[in-house]
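Structure record follows, encoded as structure tokens.
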Amino acid sequence: MPSSQSSARKRQYIVGVDLGGTNIVAGAMPVDGSHEYAVRSQSTGAEDGAEVVMDRIAQMVADVIEATAAETGAATEDFLGVGIGAPGPLDRERGVVIITPNLGWNNFPLRQALTDRTGLPAALDNDANCATLGEWWCGAAKGGRNVVGLTIGTGIGGGLILNGALYHGSSDVAGEIGHTTIDSTGRRCKCGNYGCLEAYASGPAIAERAREALAGEEPSLLVGMVGGDLSRITARTVYDAASAGDAIAQEVVRETARFLGAGVANLLNIFNPDVVVLAGGVTEAGEALFTPLRAEVRRRAFRPAVEACRIVPGILAGTAGVVGAVATFKAQVLETA
């Protein structure tokens with residue numbers, strides 16, 4: 001065996017899985033977090049039901065292990081386990097997804113189901129906690145002591161790192177930033193509440209607000225970009241149209257920045273973080289979103305809180321949740337053994 005492979009055999013690896021409402025992403029990392037291997041992504045297919053989704057995840061884990069072993073020379077026994085981030089709320093102690101509106105799961109024993117299918121120990125945490133942990137461990141929030149993370153995709157999740165440790169609260173519900181209320185009589189959210197931040201600034205909400213803005217029949221690039229089928233508009237379509245100078249799309253992006261800015265300002269006034277990191281598809285909008293977002297935060301939050309905080313996009317594009325899931329397994333299993 002070549003010396004490089006012989007050395008690799010001495011390394012140990014953890015598989016990380018990021019389970020989202022739209023996509024599943026999986027990959028492997030050595031325990032020190034120094035490299036990402038064999039990152040895979042595919043559609044969640046939540047409509048197929050929890051058991052089918054779990055079969056899909058198990059096959060992805062197997063594929064990641066096989067590909068990582070082929071690249072590094074690692075043996076099967078070098079893979080210590082699987083960390084997974086899932087939408088919540090969760091009961092981490094029992095390894096159960098209590099409810100997740102974007103997947104339609106209720107009281108599902110995710111951790112045990114993953115172990116049963118892979119034969120590996122598993123650790124579970126909220127997907128947004130994992131993304132925040134990933135950006136803190138290896139990404140844009142590295143070095144922060146008090147960090148707030150937002151993940152913006154199918155829904156809006158959040159994670160809190162306070163005094164250098166992930167904060168879960170009294171019943172694992174801390175960090176549900178997407179379900180904080182920004183308008184008490186506002187839009188209906190999938191969680192059943194009204195006026196949640198998620199109902200205004202998640203990917204589907206951005207697309208829906210764009211469709212509403214087009215109801216006035218004002219000319220817009222958006223219509224041509226989707227061939228006249230407005231149901232095909234996504235947040236990415238809105239970002240692309242805004243970049244191309246479309247007035248309606250630009251206003252939707254500015255509105256999104258104001259909604260997010262209000263939410264982030266609240267977080268600054270409550271937690272006084274040194275970093276707020278935004279991950280997920282929202283970062284595709286770039287400074288068209290972040291410039292007005294930071295301005296809204298300056299307008300709403302106390303100056304000392306604003307001056308102490310960096311508001312930045314995540315840099316682990318597409319893999320923050322995977323990296324954080326690896327860190328979750330490391331923290332829950334290896335460091336508590």
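The values are calculated or read from the model by the stated rules, or taken from the named source; none is laboratory data. Just so it is clear, the model here is predicted, and its values are computed rather than measured. Note that each Cβ is placed from the backbone with ideal geometry, even for glycine, and that neighbours are counted across all protein chains shown.
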Of the residues that make up segment 264-282, is at least one out of contact with any Lys or Arg (no Cβ under 9 Å at 6 or more places or on another chain), over 23 Å from CYS309 (Cβ atoms) and of a type outside the set (Phe, Trp, Tyr)? no
PHE108 surrounded by 20 or more Cβ atoms within 10 Å (Cβ to Cβ), in contact (Cβ under 8 Å) with a residue 12 or more places away in the chain, closer than 30 Å to LYS190 by Cα and not polar (S, T, N, Q): yes
Being within 18 Å of ASP172 (Cβ to Cβ) and either of a type in the set (D, E, K, R) or in the same structural domain as CYS191 (by TED's automatic domain parsing) (or both) is true for just one of ASP48, ASP91, ASP63. Which residue is that? ASP91
Going by what's in this entry, would PRO87 be described as buried (at least 20 other Cβ atoms within 10 Å of the Cβ), in contact with a strand residue (DSSP E or B) (Cβ under 8 Å, 6 or more places away or on another chain) and not aliphatic (A, V, I, L, M)? yes
Search segment 55-66 for residues being surrounded by 13 or more Cβ atoms within 10 Å (Cβ to Cβ) and in contact with a strand residue (DSSP E or B) (Cβ under 9 Å, 6 or more places away or on another chain), and hand back the single one that is farthest from GLY81 (Cα to Cα). ARG56
Here, helices (runs of 4 or more DSSP H) confined to segment 238-337 with at least 1 residues that are buried (at least 23 other Cβ atoms within 10 Å of the Cβ) are 247-271, 287-300, 320-329
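This table checks each residue for (1) under 29 Å from LYS10 (Cα atoms); (2) at pLDDT below 95; (3) of a type outside the set (Phe, Trp, Tyr); (4) part of a helix (DSSP H, G or I).
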residue	(1), (2), (3), (4)
VAL64	yes, no, yes, yes
ALA67	yes, no, yes, yes
VAL82	yes, no, yes, no
ILE98	no, yes, yes, no
ASN106	no, yes, yes, no
ARG117	yes, no, yes, yes
Quick one: count up the residues across segment 149-167 that are under 22 Å from GLY21 (Cβ atoms) and surrounded by fewer than 18 Cβ atoms within 10 Å (Cβ to Cβ). 0
